[in-house]
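Single-structure report; data block below.
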4 protein chains.
Amino acid sequence: MTTQLDSAILLISCPDAQGLVCAVTEFILKYGGNIVDLEQHVDREENVFFMRLEWDLAQFSLPREQISESFHQLVGQKRHMAFQLFFSRDVPRMAVFVSKTSHCLFDILSRYQSGQWKVDIPLVVSNHEDLRTLVENHGIKFVFMDMNNMSKAEAEEQQLKILKEHKVNFIVLARYMQILSANFIDHYPNRVINIHHSFLPAFAGAKPYHNAYERGVKIIGATSHYVTSELDAGPIIEQDVVHVRHSDSIQDLVRKGQDNEKVVLSRAIYHHLNRAVLVHNNRTLVFS
Amino acid sequence: MTTQLDSAILLISCPDAQGLVCAVTEFILKYGGNIVDLEQHVDREENVFFMRLEWDLAQFSLPREQISESFHQLVGQKRHMAFQLFFSRDVPRMAVFVSKTSHCLFDILSRYQSGQWKVDIPLVVSNHEDLRTLVENHGIKFVFMDMNNMSKAEAEEQQLKILKEHKVNFIVLARYMQILSANFIDHYPNRVINIHHSFLPAFAGAKPYHNAYERGVKIIGATSHYVTSELDAGPIIEQDVVHVRHSDSIQDLVRKGQDNEKVVLSRAIYHHLNRAVLVHNNRTLVFS
Amino acid sequence: MTTQLDSAILLISCPDAQGLVCAVTEFILKYGGNIVDLEQHVDREENVFFMRLEWDLAQFSLPREQISESFHQLVGQKRHMAFQLFFSRDVPRMAVFVSKTSHCLFDILSRYQSGQWKVDIPLVVSNHEDLRTLVENHGIKFVFMDMNNMSKAEAEEQQLKILKEHKVNFIVLARYMQILSANFIDHYPNRVINIHHSFLPAFAGAKPYHNAYERGVKIIGATSHYVTSELDAGPIIEQDVVHVRHSDSIQDLVRKGQDNEKVVLSRAIYHHLNRAVLVHNNRTLVFS
Amino acid sequence: MTTQLDSAILLISCPDAQGLVCAVTEFILKYGGNIVDLEQHVDREENVFFMRLEWDLAQFSLPREQISESFHQLVGQKRHMAFQLFFSRDVPRMAVFVSKTSHCLFDILSRYQSGQWKVDIPLVVSNHEDLRTLVENHGIKFVFMDMNNMSKAEAEEQQLKILKEHKVNFIVLARYMQILSANFIDHYPNRVINIHHSFLPAFAGAKPYHNAYERGVKIIGATSHYVTSELDAGPIIEQDVVHVRHSDSIQDLVRKGQDNEKVVLSRAIYHHLNRAVLVHNNRTLVFS
């Protein structure tokens, strides 16, 4: 559903009722908008309606800055809609947090440089110096945080400051080996994306490949999720697996797993950049 | 998207234009229908709009027999819509054509007996007697066609007659080793589902596993498609693959491939039963 | 590696040392055996050597009944080898335990009837009557155990007796909804194969699809393992997954999952029938 | 089977016969070698024996430079063995050919820089200047060939010269958009690895994603193979696929496909670096 249009995107959730799609699409039609993509879903367990709608702004007669208020007045308010409005021309600003491992960062930089993603990466933050050259070679600021010489609280305070200065919209933990505090996460709710190297909920915590080896599983996985205050328990955006066998050592699991990790993380980032992810009750809807 | 509701389903295609979703959903709302599922797609290469819409008939005030005409008058006509209307309470009648190989037939009978599918199977047609007992044990009529004692034209004439008598809506070729004539297929356009044991368009024709072995591929596939007059070239409904390696003999390819074939065929049947498949320009849209 | 030969199979494990492959293959050569398949693996963490060896008996000059003792004397003893010897002409006898759900049983019967597997199925045991006709139609004895009118201990005693009478070699739990006692399992160590409908170790216990739905995972799995006294914790033989998305209801997970379950279970049975599975420290080696 | 040992690797093929494994392993034992990995396969259609053997050289009493001759005299000659001998300490030298597309090159550089692969990359050759900075930032020589100002024959002559100067062992075409001449390929038989963006033999030639879109397939693939003089027809090393659906545009196929391409190519390179690939009759054996 990749588009190069100047479009607006609505992510909507509300109690299910008759006429919701009709009401929303009438609003778009009223101002001459042309729908590019529409996906809806009703959660029948909880009777909640969800929708992602993207429309072309070329002929849309309502100015951007009035859309949100107008939609709320005409459509959303009486139906108790929660909604988010995005414009495709607004390029999201993403910070990447890394430690020493480079495979996910390389994958991100590959897409960044080739223009596959519509994203700005103003900075990469790390608790190690190892990846500085790689980052700077791509013209991205590298921020080293010396965790040995400051408290976690101090480090996070500095991080939040610099993220704010660089107008960062969301954060990707690309195999970042530090646990973020609940306070930090509260500043970026559903906007910190992590990659965990197991098919969660199996093998949460450290050393999942070692645990997988010991358990003798025949598949290993990777899970990309939004970070919440509970470790490895946030809403899952994307998962995939690779097959392994008895002849694979732990080193083989790591090697095979890394190919999976980077692809799973990059798919999750892609969905987030597309404003295709809605979080509800610690689960995601990924429209695609 | 499995539902147990008494619902109606519309499959729509028309030239793309503004306000299509709005117009269709307004029609549903006007008579008090509640949308259960809605999926739309716009083919931007050809500027064609497609939609699958399912709505609950419980509160719908328009009688079933008037829906089609009314929709045409109020919505479809002026927008040049082609549409098909189905009711979930109408259980499709499926004939299965087999030869000697049983794995796909077993898979179909398994789903039939367990009630996983909403389908009636009035008869199984075969050019061999081998699977008679299996079929009759499930209370299904078994029709043997002795191809050695009649021409293909005679056989097909008899088949068409018996299919008509049993009010068959669509046909599944579950590894049926005879080629149907263009005349036969014309009686069931986009209503004959075949399983071919390769990832088409590779290895069309006979002996795909032998050809795959000789080419030394590392994956083998299966393809379920609607049958057209051009062999193995009809619109693809579902495909999947399994990995193989050099140690796999042709017999291993057959064994691994059969597991894939039966699952791919059954998924295609499921989509067809759900009225989730739309054919356009020899390609399918599978709404799911 | 499917073969139709009259062959012998050795599964060997021992402390790793120099010259093990040489010593074993020398033994085969000494009596004129022709190796059909050889796979070895060394666990470098624990320094244990594993091997599966299959050789053609056509020209083998040592009588079957002397092979085991002779191999022990000439090769195994001094190297502290544990080994199992099988003959391809000995067709394993398998009992299937079921409850009400039929998809795995159908899949097993499909392979049984088509001759895909070299196996005898003398009986199917169930705590429900539902699947009697299906089983008896395939000429297999159906044993109903009325769990409401006897204690679990009594039931298992009867089961063990009847399994012994029918010379059953191993048992398959094809979605059998009863937990076997440690005592029962002790009679069939690494010879009771279960299918669990999740990617273990995630979602052990009852209702894995419900738990998967609640956690919002994007993949669901199935795991076939040997049953041990600890629930869902035995050595894993085979695993696979299918992708799901937010639009899938719990019923959709069940439907998609069942296709996965039956294939995973049947692959595990196939490996077991091939004498391709070695258990070590609650993990399996699957030679293939 | 990743090892950090100082080891030797033999790739062997010969007419099948009794005692082959025994003879080879006896040779290793005779000089005190410890087998690290052994995999064998017999092609029963053609009666050919294949083997990959890796052994630890730590205690091996035969000097490296005598192994080949000694093995030939003692084991290979009388059994008509063709064999290749490698030493793990010899780091292969790989040249990468690219055009403008960077995703495969990024993936290769990621593994190169992290030390995941035991490989030297002395140079990257390109018919475009686009990727110069990326390459040079990794300390690798970038060679631009201006195809507009020289004939193909001249270009290849220069390429062969520079490859020789840099002692290149094998070449990877990482989405290189030029066709190599038969003469060029003859200099590197089974040592030029290409990535083709389809599941060959389907969609050979240019624009496979466009062709896949037009055919309406539900899976797209990637194939890594050794280059032969017949386009896209060389022995396949690795293949994999991704699922697509009707809502995916050609651009989506490209995006999804690129993730597949880079992983498939890198897996093929990994196998080649491991000396795990044997070519026979235009098919590969990949020991792993």
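The values are calculated or read from the model by the stated rules, or taken from the named source; none is laboratory data. Please read all numbers here as calculations on a predicted model, not as lab measurements. Cβ sites come from the backbone with ideal geometry, for glycine too, and all protein chains shown count toward neighbours. Note: accessible area is taken over every heavy atom of the protein model, side chains too, but ligands, DNA and RNA are not part of it. Shrake-Rupley method; radii C 1.70, N 1.55, O 1.52, S 1.80 Å.
A compact table of results
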read-out	value
Within the range A:43-59, tally of residues that are at negative phi, surrounded by fewer than 19 Cβ atoms within 10 Å (Cβ to Cβ) and not acidic (Asp, Glu)	4
Odd one out for B:TYR112 among (1) assigned to a strand (DSSP E or B); (2) within 30 Å of B:MET145 (Cβ to Cβ); (3) not polar (S, T, N, Q)	(1)
Unique residue being closer than 30 Å to D:ALA23 by Cα and not hydroxyl-bearing (Ser, Thr, Tyr) when the list is D:VAL91, D:VAL119, D:VAL125	D:VAL91
Elements of type strands (runs of 3 or more DSSP E) contained in the range A:1-74, each with 1 or more residues being within 11 Å of another protein chain (Cβ to nearest Cβ) and modelled with pLDDT of 95 or more	A:34-43, A:48-56
Options C:GLY205, C:GLY234, C:GLY257: the member that is surrounded by fewer than 17 Cβ atoms within 10 Å (Cβ to Cβ) and out of contact with any Lys or Arg (no Cβ under 7 Å at 6 or more places or on another chain)	C:GLY205
So B:ASN137, is it open to solvent by 10 Å² or more (accessible area, probe 1.4 Å) and within 14 Å of chain C (Cβ to nearest Cβ)	yes
Single unsatisfied condition, D:HIS72 versus (1) surrounded by 11 or more Cβ atoms within 10 Å (Cβ to Cβ); (2) in contact with a Pro (Cβ under 7 Å, 6 or more places away or on another chain)	(2)
Qualifying strands (runs of 3 or more DSSP E) (wholly inside the range D:186-282; at least 2 residues being within 10 Å of chain B (Cβ to nearest Cβ))	D:219-226, D:236-243, D:277-280
Some residue of the range A:190-198 being open to solvent by 70 Å² or more (accessible area, probe 1.4 Å) and under 16 Å from the mean Cα position of the chain (by Cα)	yes
Subset of the range D:86-121 that is within 14 Å of another protein chain (Cβ to nearest Cβ) and of a type in the set (D, E, K, R) - its residue that is surrounded by the fewest Cβ atoms within 10 Å (Cβ to Cβ)	D:LYS100
Residues of the range D:181-215 satisfying the condition of being small (Gly, Ala, Ser) and in contact (Cβ under 8 Å) with a residue 12 or more places away in the chain	D:SER181, D:ALA182, D:SER198, D:ALA202, D:ALA204, D:GLY205, D:ALA212
Pairs, first in the same structural domain as C:CYS104 (by TED's automatic domain parsing) in the range C:247-276, second at pLDDT below 95, C-beta under 6 Å, six or more apart	C:GLN251/B:THR2; C:ASP252/B:THR2; C:ALA276/C:SER288
Residue list for the range B:101-125, filter: free of Cβ contacts under 8 Å to residues at least 60 places away in the same chain and closer than 19 Å to C:GLN113 by Cα	B:SER102, B:LEU109, B:SER110, B:TYR112, B:GLN113, B:VAL124
Scope the range B:154-178; condition assigned to a helix (DSSP H, G or I), open to solvent by less than 70 Å² (accessible area, probe 1.4 Å) and within 28 Å of B:GLY205 (Cβ to Cβ); matching residues	B:ALA155, B:GLU156, B:GLN159, B:LEU160, B:LEU163
Members of the range C:140-170 that are in contact with a helix residue (DSSP H, G or I) (Cβ under 7 Å, 6 or more places away or on another chain) and within 11 Å of C:VAL96 (Cα to Cα)	C:PHE142, C:VAL143, C:PHE170
